[in-house]
Amino acid sequence: MKEFLIIMLSAVFVNNVVLSQFMGICPFLGVSKQLKSSVGMGGAVIFVMVCATACTYPVYKLLELAKIEYLQTVAFILVIALFVQLVEIVMKKVMPPLYKALGVYLPLITTNCAVLGVTIANIDNGYTFAKSITNALGTGLAFTLALVLFSGVRARIADSNIPETFKGVPATLVAASIVSLSFMGFSGLFS
Amino acid sequence: MEYLIPIGLFAGLGILAGVLLTVVSKAFAVKTDERIEAAQEALPQVNCGACGFSGCNDYAEAVVTKGAECNLCKPGGAESAAKLAEIMGVEAQEAEPMTAFVRCAGDCNVTRHKYDFDGIQSCAACNRFYNGSKTCTSGCMGYGDCVKVCPQGAISIVDRIAVIDPEKCIGCGLCAKECPNDLIAVRRKSQKVEVICSSGDMGRLTREICSNGCIGCKMCERKCPKQAITVINNHAVIDYDKCINCGICVDTCRVHAVKRI
């Protein structure tokens, strides 16, 4: 039980996928303008990560059995694309406003390096199935946490009087670096 | 065999994914009315919300499914109204182009500041401190809350008051909702006469703090042939429905607070 807790906490805080490993930056900057869309995006990414991990694990075992591990990337991308497509179809029907708010960033989860990153990291670290799922869930939560935190920061940026040259993207990037800096405080928590 | 296994494996995975996606897309199919898409294309897609719906697509849906009026789109004007009416198969009604106007001319050349405002740069915030930083408590504060909401970029701050470019303005009225002092009027584009002051102070005080102010002398009210201009709360207000743009009030005004534009 303790191991699972450590995997989860280190995924969320210590090795935060966005703020410490710099994966999945594009939706992090793209959909963090509003709290609502960032929570929606976080939910979609959690779903894709957990389902993709649940599927890539047996798929990798299959590849291992056939001794074709070198096809890992293609197989994983196929599985991830499948789940992103599923999320897209379901979200279009169930939550049309969120679907519109996320726009192009929803299909972009397919090539979100955080998703492929977590599935490959599970294999590389030699996690069991249960640990893999825990890690995927933790990473998804970490992504959501980063987005939600940053949407709060961006709401403050929108209200503040910043120099003309910094307005827009530069101010956002500077703020992102400072939020990332704050996560450095967690480093070395479990080791 | 060496080649067949990977090919077979990927074919299997692909077929599995294909079947799953087909089943789900059938189960979660979204029915769309062709007319809704046509209506969406007829609208200018600026999403200003002047029609009373939350954006162009929402309005398009309301026209088709809930029977909303066809002429509510202000940016699209007569053109959009005609297209929507054609899609719905009804007679088009007239929609006159509207534009917004700021009823204040108290720029930094004619008014002074009571204090330096260093807080959040917005009119709403500044207004909380003694009704704004300017000596006039009902004028334009010039922090640009209207500029921020304008979907067309039609508003600019010139000499620390808001000025609306009638060429760019689509008359959506978002700025009018935002202005804490209610200075912005949305009226017909053909309107040629305007009162450039909304001061609620007594005449003498108004002139002391702003040389463009209306003193509420009621001269225009007496001379107007249509009773379209009246003094309310110490400044003249034009009833745009009655006004015929004759300009008698402009010639009558001794302090030049009524102007031809």
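Tabulated results
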| read-out | value |
| --- | --- |
| Förster radius 25 Å - calculated FRET efficiency between B:Val158 and B:Arg254, Cβ distance, rounded to 0.05 | 0.45 |
| Loop-resident sites, region A:6-113, for trypsin sites (Lys or Arg not before Pro), counting at most 15 other Cβ within 10 Å (DSSP) | A:Lys67 |
| Residue-level accessible surface for B:Arg260, protein heavy atoms, 1.4 Å, Å² | 140 |
| Surface accessible to a 1.4 Å probe, A:Met23 within the full protein complex, Å² | 50 |
| Residues in region B:5-26 that, when all protein chains are in place, have 50 Å² or more less accessible area than the chain alone would give (probe 1.4 Å) | B:Leu9, B:Phe10, B:Leu13, B:Leu21 |
| Most to least accessible of A:Val90, A:Val45, B:Val250, B:Val23 (protein chains only, probe 1.4 Å) | B:Val23, A:Val90, B:Val250, A:Val45 |
| Acute angle (nearest 10 degrees) that the helix B:4-27 long axis makes with the longest principal axis of chain B, alpha-carbon atoms | 50 |
| Extreme residue, positive dipole direction of chain B, given options B:Asn212, B:Asn127, B:Ala17 (C-beta unit charges) | B:Asn212 |
| Dimensions (Å) - chain B, Cα atoms, principal axes, largest first | 99, 51, 25 |
| Nearest-ten-degree value, helix B:56-65 long axis tilted from longest Cα axis of chain B | 70 |
| Accessible-area ranking of B:His256, B:His235, B:His113, largest first, probe 1.4 Å | B:His256, B:His113, B:His235 |
| Base-10 log of normalised Debye intensity for chain A (one unit scatterer per alpha-carbon) at q = 0.09, 0.18 Å⁻¹ | -0.35, -1.19 |
| Å² of accessible area per residue within chain B, as computed with a 1.4 Å probe and no ligands counted | 55 |
| Percent RCO, i.e. relative contact order, over chain A, from Cα pairs under 8 Å lying at least 6 residues apart | 42 |
| With all protein chains modelled, accessible area of B:Asp145 [1.4 Å, Å²] | 10 |
| DSSP-assigned coil residues among chymotrypsin sites (Phe, Trp or Tyr not before Pro) in region A:1-63, each with at most 14 further Cβ atoms within 10 Å | A:Phe22 |
| Cut-off 19 Å, label 7 Å out along Cα→Cβ of A:Thr73, residues of region A:111-142 by amide N | A:111-125 |
| Sites excluded, GluC sites (Glu not before Pro) in DSSP loops with at most 12 other C-beta within 10 Å, longest stretch of chain B | B:168-261 |
| Listing of region A:65-91 residues, each with accessible area lower by at least 50 Å² in the full protein assembly than in the chain alone (probe 1.4 Å) | A:Leu78, A:Leu82, A:Leu86, A:Ile89 |
| 1.4 Å probe, heavy atoms, protein only - residues of region B:120-166 losing at least 30 Å² accessible area vs chain alone | B:Ile120, B:Gln121 |
| Selected from B:Val110, B:Ala39, B:Leu84, residue furthest toward positive end of dipole (region B:15-137; charges at beta carbon) | B:Val110 |
| Cβ-placed point charges (K, R +1; D, E -1), dipole of chain B about Cα centre in debye, nearest 20 | 1320 |
| Table column - 3J(HN,Hα) (Hz), region B:100-108, Karplus curve with 6.51, -1.76, 1.60, x for Gly and Pro | 9, 9, 8, 8, 7, 10, x, 6, 5 |
| Relative contact order (percent, whole number), chain B, Cα cutoff 8 Å, 6+ residue spacing | 15 |
| Protein accessible area in chain B, 1.4 Å probe - carbon and sulfur % | 54 |
| Accessible surface of chain A, 1.4 Å probe, proportion on carbon and sulfur as whole % | 69 |
| For region A:59-112, size of Cβ-based charge dipole, Lys and Arg +1, Asp and Glu -1, in debye | 200 |
| Total accessible surface hidden between B and A, rounded to 100 Å², 1.4 Å probe | 1600 |
| Heavy-atom accessible area order for B:Met98, A:Met49, largest first, 1.4 Å probe | B:Met98, A:Met49 |
| Furthest towards positive pole of dipole, A:Pro163, B:Pro225, A:Tyr105, structure part the protein assembly as shown, Cβ charges | B:Pro225 |
| Coil-residue trypsin sites (Lys or Arg not before Pro) of region B:1-54, DSSP, other Cβ within 10 Å capped at 13 | B:Lys31 |
| Calculated from backbone phi, Karplus (6.51, -1.76, 1.60) coupling profile of region A:103-108 in Hz, x at Gly/Pro | x, 6, 5, 5, x, 5 |
| 5 angstrom amide H check on B:Ile229, placed H, neighbours 5+ away | B:Asp239 |
| Region B:220-261 versus region A:73-96: alpha-carbon centroid distance in Å | 63 |
| Heavy-atom accessible area per residue - chain A, 1.4 Å, Å² | 50 |
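The values are calculated or read from the model by the stated rules, or taken from the named source; none is laboratory data. No experiment lies behind these values; they were computed from the predicted model shown. A quick note on method: Cβ atoms are made from the backbone with ideal geometry, for glycine too, and the neighbour counts reach across all protein chains shown. Protein only, heavy atoms only, side chains kept; ligands, DNA and RNA dropped before computing areas. Shrake-Rupley method; radii C 1.70, N 1.55, O 1.52, S 1.80 Å.
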